[in-house]
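To start, the structure under review is shown below, and the notes come after it.
Readers should treat all values here as calculations from the given coordinates under stated rules, not as data from a laboratory. Just so it is clear, the model here is predicted, and its values are computed rather than measured. All Cβ positions, even for glycine, are placed from backbone atoms using ideal geometry, and neighbour counts span all protein chains on display.
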Amino acid sequence: VKVIHSVSDISRLTEDWRKGGQTIALVPTMGWFHEGHLSLMRMARRLGTRVVVSLFVNPIQFGPKEDLAAYPRNLERDRALAEEEGVDVLFATVAAEMFGDNFQTRISLSRVSQGLCGADRPGHFDGVATIVTKLFHLTWPHIAVFGEKDLQQIALVRQMVRDLNFAVRVVGHPIVRETDGLAMSSRNSYLSQEERPKALCLFRAITHAREFVRRAVGEPVIPALIAEVEDIITSYDGCSVEYVRVVDRNSLSPCQVVDQNSVLALAVKVCGKVRLIDNALLLED
Ligand code: PAF
């Protein structure tokens with residue numbers, strides 16, 4: 001894998017690839033790769049003839065209460081993992097390179113960035129939309145692969161691609177889970193050994209909700225369902241609910257009845273410190 005740090009080098013290379021008829025697949029990341037990221041890279045490898053993985057811990061998507069400095073980083077480890085997956089280029093860059101010293105622009109989506117995680121993380125999705133726009137301009141991808149764990153993020157990117165006519169196909173990769181069901185996330189590394197079992201409340205809540213719905217298709221079960229899911233989460237010592245919602249997978253607007261597009265979306269604080277999210281279609285087989 002070739003490691004590129006500079007914005008001019010990456011755009012020159014990807015422009016040459018485009019002119020040479022290559023199909024470029026981009027996987028945007030903030031590094032500290034786990035199996036979830038590696039699955040995105042494998043999917044990109046299948047879809048494109050050239051794979052670019054970007055690695056940038058994006059300061060403008062961190063809120064004032066979120067610890068940017070503590071975000072796990074290890075370029076050498078990530079480089080080795082990307083190499084194993086046959087990634088062509090790791091675009092590993094830093095804020096000075098991405099923003100220069102007079103950066104003023106924000107891309108802001110009015111509806112899809114509200115509610116859910118947007119309510120707890122003001123400015124976060126403007127930061128994501130802005131950096132994804134820059135990455136699309138710098139790497140010229142035909143395809144961009146995002147994980148479906150970040151439900152709101154992928155809905156936001158899809159909306160932005162439609163609104164701004166980006167010629168990029170956005171592909172979602174299903175959530176990758178540990179064997180016990182915990183969705184893979186860089187944030188899992190913040191959990192201590194004692195806290196780790198508590199993080200299972202999210203998957204247990206999802207499993208319960210899907211069973212609950214299977215018994216009552218088409219009935220107005222949503223308020224009862226949400227109450228049961230909240231009870232499961234709070235039955236785990238130290239776990240509190242940030243939100244539990246049933247939303248349409250595309251618009252993210254609240255569902256009145258459960259249908260094929262209804263997603264249960266959860267955000268939970270484990271032991272007052274680690275904020276985890278998860279989601280699942282309620283009616284998927
Ligand atoms: O999902 C992430 O890791 C980030 O939000 C992304 C898409 C790389 C933008 O910084």
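List of remarks:
- Note on the chain: GNM, Cα springs under 10 Å; of Lys19, Lys134, Lys149, the largest mean-square fluctuation is that of Lys19.
- Applying the criteria of a DSSP loop state and at most 10 other Cβ atoms within 10 Å to the GluC sites (Glu not before Pro) of the range 180-277 yields Glu194.
- Restricting the range 48-118 to trypsin sites (Lys or Arg not before Pro) that sit in a DSSP loop and have at most 10 other Cβ atoms within 10 Å of their own Cβ leaves Lys65.
- The long axis of helix 222-234 is offset from the longest Cα principal axis of the chain by roughly 80 degrees.
- Along principal axes, Cα extents of the range 202-244, largest first, whole Å: 34, 16, 12
- GNM top mover of Ala119, Ala209, Ala96 - the chain, alpha-carbon springs below 10 Å: Ala96
- Each Lys and Arg contributes +1 and each Asp and Glu -1, all at the Cβ; summed about the Cα centre of the chain, the dipole is approximately 600 debye.
- Set against the 2.2 N^0.38 Å expectation for a compact globular protein, the range 120-236 has a Cα radius of gyration ratio of 1.33.
- Radius of gyration and maximum dimension Dmax of the range 1-124, Cα, Å: 15.9, 45
- Where the Cα pairs of the range 59-113 fall when distances are cut into 5 Å bins, in %: 4, 12, 16, 18, 20, 16, 11, 3
- Fraction of antiparallel bridges per DSSP, the chain only, in percent to nearest 5: 50 percent
- Loop-located trypsin sites (Lys or Arg not before Pro) in the range 218-285 (DSSP state other than H, G, I, E, B) with a sparse environment of at most 12 neighbouring Cβ atoms within 10 Å: Lys273.
- Overall size of the chain from C-alpha positions, given as principal axis extents largest first: 55, 39, 37 Å.
- With distances taken between every two different alpha-carbon atoms, the range 190-285 has a Kirkwood hydrodynamic radius of 13.5 Å.
- Calculated [θ] (222 nm, deg cm²/dmol) that DSSP helices of n ≥ 4 give over the chain, each run adding -39,500 (n - 2.57): -11000 deg cm²/dmol
- For the range 59-198, radius of gyration divided by Kirkwood radius, i.e. Rg to Rh on alpha-carbons: 0.95
- Residue (of Thr207, Ala224, Gln193) at the positive-pole extreme of the range 175-285, dipole from beta-carbon charges: Gln193
- Between 0 and 90°, nearest 10: helix 201-214 axis offset from the chain longest Cα axis: 60 degrees
- Among beta bridges identified by DSSP and lying wholly in the range 135-264, the antiparallel ones come to about 50 percent.
- Alpha-carbon Rg with Dmax, taken over the range 130-184, Å: 12.8, 40
- Cα long-axis angle, helix 151-163 against the chain (0 to 90 degrees, to the nearest 10): 50 degrees
- Counting lysine pairs in the chain whose alpha carbons fall under 30 angstrom apart, excluding pairs fewer than 8 residues apart on the same chain, gives 15.
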